[in-house]
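Notes to accompany the following structure.
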Amino acid sequence: MIEIPRGAFARPGTSLDFKTGTWRVERPVHQRRAAPCHSACPAGEDAQAYLAKAEVGDLRGAWETLVAANPLPAITGRVCHHPCESACNRRHYDDAITIHGVERFLGDRALHEGWAYPVAAPGSEAPRVAVVGAGPAGLSAAYHLLRNGCRITLIDAMPAAGGTMRTAIPRYRLPTEILDQELDRIVALPGIDFRPQTRLGRDISLQELQAEHQALFLGPGRRKGREWSADFAVPGDLHTGLQLLEAWVAEGTLPDQPRSVAIVGGGNTAVDLARVLRRQGVEQVHLISHQRVPAPDVPADDAMRATSREVSQAIEEGVTIHEHRGVRRLILRGERVVGMELVHMKKLVGQDGRLRRVAFEGTETVLHVDHVIPAIGQDVDPEGFNGLVERGQMNVEPWWGELRGHPNIFSGGDARSDHGTVSEAVGDGRRAALGIMRRLSAQPLDPGAPPEPIPFDDLNVHYFEPLPAAREPVLPPEHRKGLEEIEGGLDGSGVRNEAHRCLSCGDCLACDNCWTLCPDQSVLKTREIAADGSHYVFDYDYCKGCGICAHECPTGYIRMIPE
């Protein structure tokens, strides 16, 4: 035992003899928690990670971090419904981060600079996997399988890759040159054997693919229109919404130009077609939906499936939306539509306990229109799939996308019943690729429990300054006449602004608060990155567990746990 003389407690080194860590009942720990943007992203992007690289000017590193999850950022940055922004904690402080704008900027910069995907060519002995369908799900699956060392046979019935991104998304949302540049780079990667104009069931069979490959991914999309009638009445000139939308995207025009049109449906196809008809010069375009226009106070299960900003822009462009309405009957003159009877729809609980839409008797109204177009969804064409298509869809396990009862066959994208966006399809392809790799290495398909995103209340926002979000330019409604892209992109200063605004939720941003404010100097700063990914370690010999470091941590990265 060291004898300390009277009055000498302040001599250098004497404090090291008092290991005050024995006083502690709680101790601080570093615990990285999921940012809500990451948890909400259907493609699996870690926006926080690439925003951090963008903030320090490492744009290529930010893009490489982004394409580790999503190989189509120039596309999804334009067409994604960006649920990451709806989940962003910053929206509780001022404005959500404009994540999709940064995503688009990085994707466009990669195309302009010719940045190569960080993917190595597979060896000659690498496993072979077949991918059916070169839409977003198939392209994502092929890309991630290649990243994991597989050789890919990618087939598609169309002359070029893209699926419905090419055939059904209007060019004012997704310019052809961007689509071509992004997709051409992927299908040209060494290790991907792309075979366009190859139809399953006509040019090659499912059995042949299974014999030559160790696993299959099926991403055929949905292009087979569903039958539709109103009280068994069908107009003689009936076309589905997808058929007309594909015709307009391909030709830039439609065969007929009625004065007034009613579109039945509330998805992206219905909204895109409504906007196309307005551009075509149709005076009155009505959208009939069982759901409501998306808004912050509208429950998710009662909102139209279409992307919220697309619905808002459609209304700006003169589309009339009839919420909570169904079609009771058509009014025909011969086989030609002259009107339709609408009825208010409400939700009621059925005998099985499930909510169903039912007509509210006595609320019928007549809408005079010249043409009616159903856009109520499509089904998977079952040709060539040997009974794998059930009721117009693929019956898959929800996380990995493996077909139930068919090991080593996976599916994703629109072929599933629960997905319908490009970003969801990209995420399906990524997870299916990981599932295939697990199957090939005889590992169990157990995703584990998803991490809980860190809530806003666990952040200390006193260390952040209010700063408005950078917004991309948008064409005013009166200028939206043709194929000009409606939404512009952020510039470099806007990207830096958004990267700086990121709260780095649940992760260390190396602010030095814990190191500076610890009264016992028991937070040590390291030159190299510590095992937990930060630049700090706790010296528990002297930490009294006061909790100042946790309280003053801006991002909720430090937590106090019982000793």
Please state which one of Glu335, Glu316, Glu310 is at pLDDT 90 or above, more than 22 Å from His419 (Cβ to Cβ) and charged (D, E, K, R).
Glu316
When you go through Asn386, Asn408, Asn395 one by one, which is the residue that is surrounded by fewer than 21 Cβ atoms within 10 Å (Cβ to Cβ) and at negative phi?
Asn395
Among the candidates His82, His112, His92, single out the residue that is surrounded by fewer than 21 Cβ atoms within 10 Å (Cβ to Cβ), under 24 Å from Ile178 (Cβ atoms) and either in contact with a Ser or Thr (Cβ under 9 Å, 6 or more places away or on another chain) or not hydrophobic (A, V, I, L, M, F, W, C) (or both).
His112
Flagged pairs (Cβ under 8 angstrom, 6 or more apart or on separate chains; first in region 292-310, over 28 Å from Glu485 (Cβ atoms) and in the same structural domain as Arg278 (by TED's automatic domain parsing); second of a type in the set (Val, Ile, Thr) and in a loop (DSSP other than H, G, I, E, B)) are Arg292/Val298
For the condition among the small types (Gly, Ala, Ser) and closer than 16 Å to His144 by Cβ, what is the one hit in Gly427, Gly405, Gly494?
Gly427
Single condition Glu484 does not satisfy, out of (1) over 24 Å from Arg309 (Cα atoms); (2) of a type in the set (D, E, K, R); (3) loosely packed, with under 13 Cβ neighbours inside 10 Å:
(1)
Pairs where the first residue, in region 90-114, is at positive phi and the second is not basic (Lys, Arg), C-beta under 8 Å, 6+ apart
none
Looking at this structure, is Val319 in the same structural domain as His239 (by TED's automatic domain parsing), in contact (Cβ under 8 Å) with a residue 40 or more places away in the chain, on the phi < 0 side of the Ramachandran plot and touching a strand residue (DSSP E or B) at 6+ places or on another chain (Cβ under 9 Å)?
yes
When you scan region 480-502, do you find a residue that is within 34 Å of the chain's Cα centre (by Cα), within 21 Å of Gln31 (Cα to Cα) and outside the structural domain of Val249 (by TED's automatic domain parsing), even just one?
yes
(1) buried (at least 16 other Cβ atoms within 10 Å of the Cβ); (2) in contact (Cβ under 8 Å) with a residue 40 or more places away in the chain; (3) not in a strand (DSSP E or B) all hold for Leu277 apart from (2)
Which numbered condition in (1) touching a residue at least 40 places away in the same chain (Cβ under 8 Å); (2) within 29 Å of the chain's Cα centre (by Cα); (3) surrounded by fewer than 24 Cβ atoms within 10 Å (Cβ to Cβ) is the only one that Val29 fails?
(2)
Residues to consider are Gly61, Gly57; find the one that is more than 13 Å from the chain's Cα centre (by Cα), loosely packed, with under 15 Cβ neighbours inside 10 Å and at pLDDT 95 or above.
Gly57
Residue among Ile152, Ile178 that is closer than 21 Å to Thr421 by Cβ and in the same structural domain as Ala425 (by TED's automatic domain parsing):
Ile178
Checking Ala262, Ala270 in turn, the sole residue that is assigned to a strand (DSSP E or B) and among the small types (Gly, Ala, Ser) turns out to be Ala262
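The values are calculated or read from the model by the stated rules, or taken from the named source; none is laboratory data. Bear in mind the structure is a predicted one, so any value in this text is a computation, not a measurement. A quick note on method: Cβ atoms are made from the backbone with ideal geometry, for glycine too, and the neighbour counts reach across all protein chains shown.
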